Amino acid sequence: MKRWLVGWMASLWCMGWVHAGIPVEHWTLPNGAQVYLVYSPGLPMVDVQMDFDAGSRRDPAERSGLASATALMIGKGLKARGALPALDENAVGEAWADGGALFSASASSDRMSFTLRSLTRPEVLDASMRLAARHLADPAFAADIWNRERQRWSASLRESLTKPGTVADRAWTPAVFGTHPYGQQTTPETLLAVSVADMQAFHARHILPCRAKVSVVGALSRAQVQVRVTELLAALPPGGPCAALPVVPEVTPLTQAKEMWIPFESAQAHVSMGQPGFKRNDPDFFALTVGNYVLGGGGFVSRLTEQVREKRGLSYSVYSYFSPGLHAGPFAIGLQTRPDQARQAVEVARSVLKEFVEKGPSEAELQAAKDNLNGGFALRLDSNRKLLDNLANIAWHQLPLDYLDTWTQKVQALTVQDITQAFARKVQPDRQVTVVVGGAP
């Protein structure tokens, strides 16, 4: 009961704090790392996320999976440094468990991220920071562990091809993005080409203080954060101006429609439709986000659900989404239906999209979308973990520091014309990739 009351009181404090504004501090350390801080004293904890331009967009095509493999192996053991002994993966796990802290490493399309959660009690935080710093600087990259993980990963990839959803995605993604890194596919063959030396070189080239964007949410002051982040990055090569990484080209827009109907023995046909969308820093972001809620992102109140599910019973679920990144991420419509209904479902979805791009939402639909998105906005920030995700988003995409404070105002200011014009600029219904997996040839 005591824990419940403490959590309830903290949530009330957090909700009031959200509405009062979220001050974001930003500065650059002497080693070149950029730091973003939200001071959150409600709980004696700190959450840290360190992002580096080391996502899969940096993978060579013939070694697709290199970034994810590097992130995976960073948690699988540490090499010795000075008086500190080497730790195998079991010892690493026990060290984190004994300290009561959490650490993880992962790679997405654009970035490699390291997250740390710890209590701010000095003895706990000291140990957590030292161990996290070793993960950043001293991963072991043991060859025998990589061979084991590669075999496991390859087996998982082969098994996934028995699922129609995976087959659809692996056909749709390269058809949309072509030779751009967003369209690259990790396979057992590309993993076989990834060596320990490749991971070591990738780590050395990308994981540097001058490339770090560090987001911190918790009960630490700016002065304390300055010291702690410096400690986290201290074992990496010295700071200074970073050599520029190779420029990744932008996504090439589609010039024509494309359809693929892939036979597959399954009870349901999986349908994926879409095209390249837009970059995260695009000024149309808010108009497209709100418009997509009306089109297919609002669940049972969306246009696609009304026309595909409610009126025709063609699918239990149908959705649309934008996933913007450093480059134009995907705009997609997805659904599952009986194979004999797939053609009709595709035509209905296309018709709904075409009408929405031409006319936009109604005033009533727009107001309902605003009410839902703005009404639920506080739930995006009701924990330090969620707040950290938003802060890291601000840091990574160089959004204004008052982005969270002005979010609801920008949504509320949108008009039907704003959304219609934004969709007309970004979405081309006659130049979509459609993949249907399921049914007879």
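Values in this text are rule-based calculations from the coordinates and carry no lab data. Owing to the predicted nature of the structure, the values given are computational and were not obtained by experimental measurement. Neighbour counts are summed over all protein chains in view; Cβ atoms, including those assigned to glycine, are modelled from backbone coordinates with ideal geometry.
Return the FRET efficiency for the residue pair A201, A257: r is the Cβ-Cβ distance, R0 is 35 Å, and the value is rounded to the nearest 0.05. Here the calculated transfer efficiency is 0.30. Using a Gaussian network model of the chain in which every pair of alpha carbons under 10 angstrom is joined by a spring, one finds that among Q226, Q256, Q49 the greatest mean-square fluctuation is at Q256. Out of these labelled values of Rg and Dmax of the Cα atoms in Å, (1) 20.6, 65; (2) 21.3, 72; (3) 23.6, 70, which was calculated from the coordinates shown here? So the calculated entry is the one marked (3). Of all aspartates and glutamates in the structure, the ones whose alpha carbon falls short of 18 Å from that of K79, not counting any fewer than 8 places away in one chain, are D88, E89, E94, D138, D144, D198.
Taking a point 7 Å from the Cα of Q412 along the Cα-to-Cβ direction, the residues of region 359-380 with backbone N closer than 17 Å to it are 366-379. Region 263-297 and region 169-195 have Cα centres separated by 20 Å. Count the lysine pairs in region 258-437 whose Cα atoms lie under 29 Å apart, taking only pairs 8 or more positions apart in sequence or on different chains. Step by step, the pairs that qualify in region 258-437 add up to 27.
Taking other Cβ atoms within 10 Å as a rough exposure proxy, L192, L387, L295 sort from fewest to most as L192, L387, L295. Against the chain, whose longest principal axis is taken from its Cα atoms, helix 342-359 shows a tilt of about 80°.
Once both labels are positioned 7 Å from their Cα atoms along Cα-to-Cβ, the gap between E347 and E25 label points is 6.3 nm.
Against the chain, whose longest principal axis comes from its Cα atoms, helix 2-20 is set at around 70 degrees. Taking each residue as 0.36 nm, the span from L84 to L192 lengthens on full extension beyond its C-alpha to C-alpha distance by 35.6 nm. The slack between E62 and E231, meaning 0.36 nm per residue of separation minus the straight C-alpha distance, is 57.2 nm.
Length gained on full extension, D371 to S156: 73.2 nm, using 0.36 nm per residue less the C-alpha separation.
Remark: spin-label model distance V124-D430 equals 6.2 nm, labels positioned 7 Å along the Cα→Cβ axis. Distance between the pseudo-spin-label points of D144 and E94 (7 Å out from Cα toward the beta carbon): 1.7 nm.
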